[in-house]
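Encoded as structure tokens, the structure appears first; notes follow it.
Read-outs: derived from the displayed coordinates by stated rules, not from any lab. Predicted model only: the values in this text are computed from it and were never measured. Positions of Cβ are generated from backbone atoms using ideal geometry, with glycine treated the same way; all protein chains shown enter the neighbour counts.
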Amino acid sequence: MHPNMLVYEPHGMARLREETGERIGANFDPSHLYWQGITITDAIRYLGERDAIHHVHAKDTKIYDAQAREKGVLDTTAYDDEPNRSWLFRSVGYGHGEGHWKDIVSTLRMVGYDGALSIEHEDSLTSSREGLEKAVDLLERAVFETEPGEAYWAE
């Protein structure tokens, strides 16, 4: 799902899947949804109910409200003109905080996604090495290492 493509949001993804079959699913990249104003955890739940999340990217986006109010969220200012863009792809944690990424990881688990979180670096404000290191640092605190146990407190 990516703006300016045939499928750019969860409902379009679900429709494509309905028309083509279960082999079609989302490479769920939240960075492409943030700048459309889509709530990431709601999108995960929607696609998760349809078993339509096949892969997940860990990449963030920062929206700059002042520019977005003038240019909108589909701003096509050059990526290297950072001060004048409405939004920028950012390293994990530099568009949305750690708590948000913990919500993403938790929601993915709730809908049964147990695949990879592939860190994708397109942050023009830092090197790929530093962006990767920062993303790994945050995600290590967010990703669960164990399977959930019995809900003994609910008995």
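Yes or no, residue by residue, for (1) out of contact with any Ser or Thr (no Cβ under 7 Å at 6 or more places or on another chain); (2) more than 20 Å from Arg45 (Cβ to Cβ):
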{"position": "Tyr79", "(1), (2)": "no, yes"}
{"position": "Pro83", "(1), (2)": "yes, yes"}
{"position": "Phe89", "(1), (2)": "no, yes"}
{"position": "His96", "(1), (2)": "yes, no"}
{"position": "His100", "(1), (2)": "yes, no"}
{"position": "Ile119", "(1), (2)": "yes, yes"}
{"position": "Gly131", "(1), (2)": "no, yes"}
{"position": "Ala135", "(1), (2)": "no, yes"}
{"position": "Leu138", "(1), (2)": "yes, yes"}
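Can you tell me how many residues in the stretch 107-122 are closer than 21 Å to His32 by Cβ and either in a helix (DSSP H, G or I) or hydroxyl-bearing (Ser, Thr, Tyr) (or both)? Don't jump to the end; show me each part of the working.
Narrowing the stretch 107-122 to residues closer than 21 Å to His32 by Cβ: 107-108, 111, 113, 115-122.
Right, trim to either in a helix (DSSP H, G or I) or hydroxyl-bearing (Ser, Thr, Tyr) (or both) and you get 107-108, 113, 118.
Here the count works out to 4.
Mind telling me which of the residues Glu140, Glu133 ends up being closer than 26 Å to Glu82 by Cα, free of Cβ contacts under 8 Å to residues at least 24 places away in the same chain and part of a helix (DSSP H, G or I)? Steps first, answer last, please.
Numbers: Glu140 fails: closer than 26 Å to Glu82 by Cα.
Matching residue, one of Glu140, Glu133: Glu133.
Going through the stretch 64-91 one residue at a time, which ones are out of contact with any Lys or Arg (no Cβ under 7 Å at 6 or more places or on another chain) and buried (at least 19 other Cβ atoms within 10 Å of the Cβ)?
Selection gives Arg85 alone.
Within the stretch 114-125, can one find any residue that is loosely packed, with under 10 Cβ neighbours inside 10 Å, among the charged types (D, E, K, R) and closer than 30 Å to Arg85 by Cα? Even if it seems obvious, please write down each step before you answer.
If we filter the stretch 114-125 for residues that are loosely packed, with under 10 Cβ neighbours inside 10 Å, which is where we start, we get 114.
Right, trim to among the charged types (D, E, K, R) and you get 114.
From what is left, the residues that are closer than 30 Å to Arg85 by Cα are none.
Looking through the stretch 114-125, none of the residues is loosely packed, with under 10 Cβ neighbours inside 10 Å, among the charged types (D, E, K, R) and closer than 30 Å to Arg85 by Cα.
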